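A.B. asks: I have a structure here, written as structure tokens, and I will follow up with some questions on it.
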Amino acid sequence: MSTPLPIFRSISWSAINTVIKTALQLLQFIILARALPAESLGLLAFISIFVSFSQVIGDGGLSNAVIFFDSLSKQIKYQLYTFGLIVGTVISVVSLSLSSWLGLFFGLPDLEQFSLLIVAIIFIRICTAQPIALLQKELEFNKIALIEISSQLLCFITICILLWSGKGVSSAIYGQLVQAGVVFFLCLIIQSSSIGISLPREKELKEPIKYGCYQMLESMIGLFSRQFDQLIVLKLLGKEVLGIYSYLKDLIGKPMLQLINPVASRVLFPILVKAPENEISTYYKNALLLLCMINIPLYLGVAYFSELLLSVVLGDNWAQYHLIASLFAFTYLIMSIINPCGSLLQAVGAVRRSFYWNLAVTTLRIIVITVTAPIGLTFMLTSLLLLQGFILIVHWYFLIKPSIGLGMIDFFKPPIFILLLSSCSLMGVCFFGVFIDVPILIEISVFLGVNSALIVFISLRFYGYLQNRL
């Protein structure tokens, strides 16, 4: 097992990388939301979904496989990389041929003119997935930070320059292409030893490819589950409504999906893989406590201050959608408790169970979205929030308990404890705001101050635990 110093160095670099990258993405997000009409935002949302699906299929789960299997020789890694390039080429050609049809089906006539750029982004990202995964496996998060921060910064600069030049929606697409190209170039320099070509013919490829296929199917199902609502909104309500819906969803989800949980997941997965079997449940429980301490107060605050948040970040014309933003906030709060389970299931090798679970959850989400979307966005989001609460309870029984034997009370005690503390803090803020007429900035400051103190306290306890156990 790794010593505490490499683990905390990894967490630190991963956190620095994620914070800087997310800050740049947020600035980019705000600039695009203010500069482009809702129709263009809808087109960009669909392109993002299209690229994500193609990238997941093209990677084939092999990037997770090279992390999971410790005994892969350099020759086997080269063969896996070559196999990934072959699959990536096929997926890129298929994506190119599908772009015009998808544009017609979803009412996006401008999609076809960007098809070559989109396919180039897909292929380059597939080429860099395994080299990045190998850096993650070795906990080389300082090198990952260099690659990802540099590429995101150049992407941001490209978008700003092209928007200033009047290029409109194409600015964001060229920015993504620049980002993918910079990642590939830096991978060639930093990870040249892990990029090699060798014909895939070894019998040892069978298990990594099998593991990767389950990972790919699971990721595909999870991605489809998360993005199906946007596809339905696009098909039923059009790209303008999709632009508003997707940007609200992206804004509210950014802290959990792109900042907080990725830091934990990226570090937690390799740590759990290396951890003694009898220690996995304790590691997971402590990681869950820390994540709850960050996510639960954050999303309670976002739900309560949603109108102010939208006005400040996206402009006064977005404040009318504050109810939708609050529903997203409560949904992401519950998702943040479930989310670390993915790293756990990968670490214990329960990819088949994870696959069937995601298949069942996706089926439920599709049914709920299909039935409720025609009634309205608010009704659909309320229904999805209730479904997410049901999934939270059920996922402990079918995933957590069989994998690490964590009891129901032990699992739910951290989120319930943090929820009670944060709710009391928020009610205190509400009391001051209603009865004492305190300015809203002071309300926010008090809420953030109380919860920040709790985060520091629990983080120090977690650090002390690692020092004693490792």
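The values are calculated or read from the model by the stated rules, or taken from the named source; none is laboratory data. In this text, all values refer to a predicted model and were calculated from it rather than measured experimentally. For neighbour counting, all protein chains shown are included, and Cβ atoms are generated from backbone atoms with ideal geometry for every residue, glycine included.
Let's see how each residue does on (1) touching a Gly at 6+ places or on another chain (Cβ under 8 Å); (2) in contact (Cβ under 8 Å) with a residue 24 or more places away in the chain; (3) not aromatic (Phe, Trp, Tyr):
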| site | (1), (2), (3) |
| --- | --- |
| 113 | no, no, yes |
| 116 | no, no, yes |
| 121 | no, yes, yes |
| 126 | yes, yes, yes |
| 142 | no, yes, yes |
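A.B. asks: Moving to a separate point now. Of the residues 20, 91, 67, which single one is more than 24 Å from residue 220 (Cβ to Cβ) and assigned to a helix (DSSP H, G or I)?
C.D. replies: Checking each option against the conditions leaves just 20.
A.B. asks: Given the criterion in contact with a Gly (Cβ under 6 Å, 6 or more places away or on another chain) and of a type outside the set (Gly, Ala, Ser), identify the matching residue among 356, 332, 283, 321.
C.D. replies: Answer to the check: 332.
A.B. asks: Now for a separate question. Does segment 331-341 contain at least one residue that is touching a Pro at 6+ places or on another chain (Cβ under 7 Å) and of a type outside the set (Lys, Arg)?
C.D. replies: Yes, because at least one residue in segment 331-341 is touching a Pro at 6+ places or on another chain (Cβ under 7 Å) and of a type outside the set (Lys, Arg).
A.B. asks: Do you know which residues across segment 59-113 are modelled with pLDDT under 85, among the small types (Gly, Ala, Ser) and over 25 Å from the mean Cα position of the chain (by Cα)?
C.D. replies: Within segment 59-113, 71, 73 meet the criteria.
A.B. asks: Turning to a different aspect of this structure: Read through the list (1) modelled with pLDDT of 85 or more; (2) under 21 Å from the mean Cα position of the chain (by Cα), then give the number of the only condition that residue 318 fails.
C.D. replies: (2)
A.B. asks: Could you go through segment 163-173 and let me know if any residue there is within 23 Å of residue 60 (Cβ to Cβ), in a helix (DSSP H, G or I) and in contact with a helix residue (DSSP H, G or I) (Cβ under 7 Å, 6 or more places away or on another chain).
C.D. replies: no
A.B. asks: Can you pull out the helices (runs of 4 or more DSSP H) entirely within segment 292-347 that have at least 3 residues that are in contact (Cβ under 8 Å) with a residue 60 or more places away in the chain and within 16 Å of residue 250 (Cβ to Cβ)? Quick ask: steps written out before the conclusion?
C.D. replies: Values: elements: 306-313, 322-338, 341-347.
Hits in segment 292-347: 322-338.
A.B. asks: Contact list please: Cβ distance under 8 Å, first residue in segment 387-402 and without any contact (Cβ under 8 Å) to a residue 40 or more places away in the chain, second residue not in a helix (DSSP H, G or I), pairs at least six apart or on different chains.
C.D. replies: 396/406; 401/407
Residues are listed down the side, and each one gets a yes or a no for (1) assigned by TED's automatic domain parsing to the domain that holds residue 24; (2) small (Gly, Ala, Ser); (3) more than 27 Å from residue 71 (Cα to Cα); (4) surrounded by fewer than 21 Cβ atoms within 10 Å (Cβ to Cβ):
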| site | (1), (2), (3), (4) |
| --- | --- |
| 136 | yes, no, no, no |
| 141 | yes, no, no, no |
| 152 | yes, no, yes, no |
| 156 | yes, no, yes, yes |
| 161 | yes, no, yes, yes |
| 168 | yes, yes, yes, yes |
| 171 | yes, yes, yes, no |
| 194 | yes, yes, no, yes |
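A.B. asks: Then there is this: As an exercise: evaluate residue 235 against (1) touching a helix residue (DSSP H, G or I) at 6+ places or on another chain (Cβ under 7 Å); (2) surrounded by fewer than 22 Cβ atoms within 10 Å (Cβ to Cβ); (3) in the same structural domain as residue 110 (by TED's automatic domain parsing) and give the number of the one condition it does not meet.
C.D. replies: Condition (1) is where residue 235 drops out.
A.B. asks: From (1) touching a Ser or Thr at 6+ places or on another chain (Cβ under 9 Å); (2) within 25 Å of residue 151 (Cβ to Cβ); (3) modelled with pLDDT of 80 or more, pick out the condition that doesn't hold for residue 19.
C.D. replies: Result: residue 19 fails condition (1) only.
A.B. asks: Given the structure, is residue 324 within 21 Å of the chain's Cα centre (by Cα), surrounded by fewer than 17 Cβ atoms within 10 Å (Cβ to Cβ) and under 23 Å from residue 243 (Cβ atoms)?
C.D. replies: Criteria not met by residue 324.
A.B. asks: Hey, another quick one. Exactly one condition in (1) within 24 Å of residue 230 (Cβ to Cβ); (2) part of a helix (DSSP H, G or I); (3) of a type outside the set (A, V, I, L, M, F, W, C); (4) touching a residue at least 60 places away in the same chain (Cβ under 8 Å) is not met by residue 77; state its number.
C.D. replies: If we test residue 77 against (1) within 24 Å of residue 230 (Cβ to Cβ); (2) part of a helix (DSSP H, G or I); (3) of a type outside the set (A, V, I, L, M, F, W, C); (4) touching a residue at least 60 places away in the same chain (Cβ under 8 Å), just (1) comes out false.
A.B. asks: Still on this structure, I have one more. Which ones in segment 174-208 are in contact with a Leu (Cβ under 8 Å, 6 or more places away or on another chain), aliphatic (A, V, I, L, M) and in a helix (DSSP H, G or I)?
C.D. replies: 177, 178, 182, 186, 190, 205
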